[in-house]
Amino acid sequence: MKKILVIQNKRIGDVLIVSVIAQNMKKIYPDSIIDYLVYDYTSGVIENNPNIDTILPINETELKKFGGLTKLINSLKKEDYDIIFDPYAKLQSRLICLFTKAPMRISFKKRDKNTVLPFYTHTVPFLEEKTKNCGKVIEDRVNLVTSFFDIAPSEVDYEPKIYLTKKEQEYNKLEAYDKPFVMLGVLGSTPQKSMPYEYIVALINHITTNYDVNVLFNYAPHQKEDALSIYEQCANKDQIIVDIYEDNIRGFIKLMNKCTLLVGNEGGTVHIAKALNKPTFTIFSPYVLKEHWASFEDGERHTSIHLLEEKPDLFSTDREERRKIEEDPSLMYKQLTPEIIMPKLNIFLSKHLKTKQ
């Protein structure tokens with residue numbers, strides 16, 4: 001019996017995506033024990049996943065303290081893992097790999113970092129380009145498995161999944177309403193992933209004016225003031241239901257499962273909606289590489305927009321230029337106006353919603 005540890009000390013979307021490693025390893029070793037080490041605030045996204053035997057939640061602040069990291073390493077050493085996957089390869093996770101001394105420690109071979117020995121026994125370079133519609137980020141993570149373990153191509157699973165209990169599926173806070181609900185990711189997970197507020201308001205007004213829907217806002221609890229500021233600027237407030245809100249991941253998952261679709265800034269909520277098999281329209285931050293993060297797009301169920309598609313001569317995807325844009329994407333974001341977004345958004349919405357008569 002193999003004992004396997006997957007480490008992903010990053011944000012919600014990353015944790016969900018990397019769960020494909022567990023999904024595929026369970027196919028290769030059905031009797032294996034798979035533990036998943038994640039930040040505590042992200043654990044809700046992988047709860048009830050039958051491919052993960054134990055979720056090991058860690059506090060981000062404590063992990064970055066020497067004492068907290070040492071305590072964790074000593075605890076993990078006792079588990080005698082056979083295989084460790086460390087896709088993100090942060091300093092803390094590299095030290096965990098080094099000192100737990102698992103016989104097989106797998107990560108990516110990065111050009112600008114010494115991430116091979118002594119931290120890892122097996123590394124694989126990032127793919128030069130994506131070959132599947134799951135997006136390069138997912139394909140790279142699956143490649144960590146398929147590069148070293150035998151699995152039939154037809155058996156490889158590229159789709160992150162969310163598993164709801166029967167009780168969670170019976171969530172009923174939307175039952176009193178007779179219109180379909182659109183979840184709006186009005187704010188990105190970081191300021192760098194959030195559109196200008198006046199653009200968000202314009203898109204909300206467009207949706208509520210032209211489509212027979214109710215609207216919910218998704219935002220992090222600390223973003224409530226900004227979300228309410230956006231709400232106050234909106235027309236058609238009777239279609240915006242602000243008193244229904246879930247302040248934790250599992251609550252959002254239950255709520256999203258009852259919505260018809262999601263429109264929002266690229267981030268973890270988009271990946272959650274896709275894992276729930278809900279249609280998505282994603283607005284990418286200018287600095288994000290779309291081919292890496294745009295997963296399962298078919299132009300109907302899942303589609304997106306990126307500034308480079310609309311204005312290809314405006315900037316390049318050069319790494320240094322992207323870093324400069326990430327520091328302050330506001331000027332580039334202003335180039336992606338509602339007038340540019342709406343035609344593509346209308347094509348998407350018309351496939352899934354009824355227009356007002």
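Please treat every number below as a calculation from the coordinates, not as lab data. For clarity, every value in this text was computed on a predicted model and none was experimentally measured.
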What lysines does K64 reach when the alpha-carbon gap must be under 16 Å and sequence neighbours fewer than 8 apart in one chain are set aside? K10, K90
Read phi for every residue in the range 327-333 and hand back ³J(HN,Hα) as whole Hz from Karplus 6.51 cos²θ - 1.76 cosθ + 1.60, θ = phi - 60°, with x for Gly and Pro. 4, 8, x, 4, 5, 5, 4
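Checking a compactness column here: for the range 236-357, what do you get for Rg(Cα) / (2.2 N^0.38 Å), N being the number of residues? The partial results should precede the final answer.
Details: Rg = 15.8 Å, N = 122, 2.2 N^0.38 = 13.7 Å.
Relative to the rule-of-thumb radius for its length, the range 236-357 sits at 1.15.
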Among F99, F108, F284: highest mean-square fluctuation, GNM of the chain, C-alpha pairs under 10 Å: F99
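Normalized C-alpha radius of gyration of the range 65-170, against 2.2 N^0.38 Å? Intermediate results must be reported in sequence, preceding the final value.
Numbers: Rg = 16.5 Å, N = 106, 2.2 N^0.38 = 12.9 Å.
Scaled against compact globular proteins, the figure is 1.27.
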In the chain, if every C-alpha pair distance is counted and binned at 10 Å from zero, what percent goes to each bin? 5, 23, 32, 25, 13, 3, 0
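When the expected Rg is taken as 2.2 N^0.38 Å, what fraction or multiple of it is the alpha-carbon Rg of the range 92-242? It would help to have the intermediate numbers written out before the result.
Values: Rg = 22.5 Å, N = 151, 2.2 N^0.38 = 14.8 Å.
That works out to 1.52 for the range 92-242.
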With n ≥ 4 as the cut-off for DSSP H runs, can you work out [θ] at 222 nm for the chain, using -39500 (n - 2.57) per run divided by the number of residues, rounded to the nearest 500? -10500 deg cm²/dmol
Distribution output for the range 217-256: share of Cα-Cα pairs per 5 Å bin in percent, first bin at 0, values 6, 22, 30, 23, 14, 4, 0
Output needed: percent of Cα pairs per 5 Å distance bin for the range 161-260, bins running from 0 to the one holding the longest distance. 2, 12, 24, 23, 20, 12, 6, 1
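Taking the radius of gyration and the Kirkwood hydrodynamic radius from Cα positions alone, what is the Rg/Rh ratio for the range 3-155, to two decimal places? List each step's numbers first, then the result.
On the way: Rg = 14.6 Å, Rh = 15.6 Å.
Reported Rg/Rh (Cα atoms, Kirkwood Rh): 0.93.
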What are the ³J(HN,Hα) values, in whole Hz, obtained from phi via the Karplus relation 6.51 cos²θ - 1.76 cosθ + 1.60 with θ = phi - 60°, for each residue of the range 290-298 in sequence order, with x given for Gly and Pro? 4, 5, 7, 10, 7, 9, 6, 7, 10
Report, in degrees rounded to the nearest 10, the 0 to 90 angle that the Cα long axis of helix 66-77 makes with the longest principal axis of the chain. 60
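For the cross-link pairs K130/K354; K237/K311; K136/K334, which exceed 30 Å when the distance is taken from alpha carbon to alpha carbon?
Values: K130/K354 35 Å; K237/K311 33 Å; K136/K334 27 Å.
In this structure, K130/K354; K237/K311 lie more than 30 Å apart at Cα.
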